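Enquirer: Starting off with a structure, shown below.
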Amino acid sequence: MDMINLTIDGIPVKVKKGATVMEAAKSIGIDIPALCYLKGVNEVGACRICVVEVEKARSLQASCVLPAAEGMVVYTESPAVVEARKEILRLILDNHPNDCLTCDKAGECKLQEYAYRYDVKFRDHNGARRVATIDTSNPYILRDNSKCILCGRCVSTCSQVQERSVLSFGERGFETHIIADNDKILGESSCVSCGRCISVCPVGALIDNRIAGKARAWEAEKEEVRCTQCDHGCHFELLRKNGNVIGVRAKEPGEGRPLCLKGRLSVDLTYNDNPAVPLMKKEESYVEVSWAEALGLEKIMEKL
Ligand code: SF4
Ligand code: SF4
Ligand code: SF4
């Protein structure tokens, strides 16, 4: 197998041909920040926060899409790299609500993590801001587009992993925002509430409504469980607070492995101490129904 030798932050690295600089760095324990990157699903080099300095290159390079090359010399935290990352974070925070105190994503939010890592703060300014439009129309997904950083992870995941293509980018420039179908509220869109988009959102723009407000990220004890519905065994996390299960959530789709709806529902039912009453979409709204109706068993049960 062809191997590539390069140097990252003065450390010699050997990786398989085809590996990216980000993967090469990860193999020696160097964590390059990334917001939009999602392996195999969203490899677009759009957010640019993963830029690195490469000797003899004319500009900083996005490491998530940069193939490692023989003899390459890379710096992941040079002054130019750090300044570029700070500027990207400043630009994002300029159009972001200062809401970490009450945001359900706080403690797990990538934007918060990187702002702390690079000492970038919210600034007072009079620039235009996206309006906070909180979409509560879907009982499972809380959507706050004012926190969206337009990374595109949810769009790629919905189309490539879930194969629904509910989500896309709407409008252009400053008005760009994520839309469901032709800019419907989620509850009236063709979304099937699989929740995959929630598991990949790096910020608090997509939140599991069933867990929202139940615990801060650092209060919940997490236990990793695996789905037993098929051989892929997708990974889930059981969240407990004071010993009680407060929710089950899917981890990011693994390499090449989607998180299927059947698995998500069965893991939820297996572990959740207090499964919620099922909701079924009837015409334009969700209504509580019996489990028999939700599972399509009513006709069978009538015959019993
Ligand atoms: S999404 Fe992240 S940065 Fe934005 S308010 Fe929530 S925790 Fe803070
Ligand atoms: S919940 Fe599933 S179907 Fe709905 S928008 Fe998210 S990924 Fe698409
Ligand atoms: S909703 Fe989340 S995953 Fe989707 S584009 Fe916005 S920040 Fe990215």
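Enquirer: What ranking, highest mean first, results for peptides 282-290, 63-71 when packing means the other Cβ atoms within 10 Å averaged over each residue?
Expert: Taking the mean over residues of other Cβ atoms within 10 Å, the ranking is 63-71, 282-290.
Enquirer: Amide H neighbours of Ile141 under 5 Å, counting only residues 5+ apart in sequence or on other chains, H built in-plane at 1.01 Å?
Expert: Asn209
Enquirer: Mind checking the full-extension length gain between Trp218 and Leu261? Use 0.36 nm per residue of separation minus the Cα-Cα distance, one decimal, nm.
Expert: So the chain would gain 12.8 nm between Trp218 and Leu261.
Enquirer: PRE reach from Glu83 (point 7 Å along Cα→Cβ): which of region 34-60 fall under 20 Å by backbone N?
Expert: 48-60
Enquirer: Would you mind counting up the charge near Gly107? Only other residues with Cβ under 10 Å from its Cβ, with Lys and Arg at +1 and Asp and Glu at -1.
Expert: -2
Enquirer: Quick one: net charge around His125, please, counting Lys, Arg +1 and Asp, Glu -1 for every other residue with C-beta under 15 Å from its C-beta.
Expert: Around His125, the surrounding residues sum to +2.
Enquirer: For the chain, give the magnitude of the charge dipole about the Cα centre (Cβ charges: +1 Lys/Arg, -1 Asp/Glu; no others), in debye to the nearest 20.
Expert: For this selection, approximately 220 debye.
Enquirer: Take the alpha carbon atoms of region 147-194, find their center, do the same for region 1-56, and report the distance between the two centers in whole angstrom.
Expert: One Cα centre to the other: 28 Å.
Enquirer: I would also like to ask the following. First select every other residue whose beta carbon is under 10 angstrom from the beta carbon of Arg249; then total the charges, Lys and Arg +1, Asp and Glu -1.
Expert: +1
Enquirer: Given the -39500 (n - 2.57) contribution per DSSP H run of 4+ residues, what per-residue ellipticity at 222 nm results for the chain, rounded to the nearest 500 deg cm²/dmol?
Expert: -5500 deg cm²/dmol
Enquirer: Here is a further query. Hey, rough spin-label estimate for Phe169 and His125, points 7 angstrom out along Cα→Cβ, what's it come to in nanometres?
Expert: It works out to 2.0 nm between the two label points.
Enquirer: Also, I was wondering about something else. For the Cα atoms of the chain, what angle does the longest principal axis make with the long axis of helix 261-271, in degrees from 0 to 90, nearest 10?
Expert: 70 degrees
Enquirer: Determine the alpha carbon to alpha carbon distance for each of Lys16/Lys39; Lys56/Lys86; Lys39/Lys184 and list only those over 19 Å.
Expert: Going by Cα-Cα distance, Lys56/Lys86; Lys39/Lys184 fall outside the 19 Å limit.
Enquirer: Running a GNM on the chain with Cα contacts under 10 Å, which residue among Arg117, Arg172, Arg143 ends up with the highest mean-square fluctuation?
Expert: Arg172
Enquirer: In percent, what relative contact order does the chain have, based on Cα pairs under 8 Å that are 6 or more apart in sequence?
Expert: Across the chain, relative contact order equals 12 percent.
Enquirer: Let me spell out the model: positive unit charges on the Cβ of Lys and Arg, negative unit charges on the Cβ of Asp and Glu, origin at the Cα centre of region 3-77. What dipole size does that give, in debye rounded to 20?
Expert: That gives region 3-77 a dipole magnitude of about 220 debye.
Enquirer: Note the angle between two axes, namely the Cα long axis of helix 79-94 and the longest principal axis of the Cα atoms of the chain, as a number of degrees from 0 to 90, rounded to the nearest 10.
Expert: Result, in degrees: 30.
All of the numbers you see were taken from the coordinates with simple rules; none came from a lab. This one's a predicted model, so the numbers in the text were calculated from it and none came from an experiment. For neighbour counting, all protein chains shown are included, and Cβ atoms are generated from backbone atoms with ideal geometry for every residue, glycine included.
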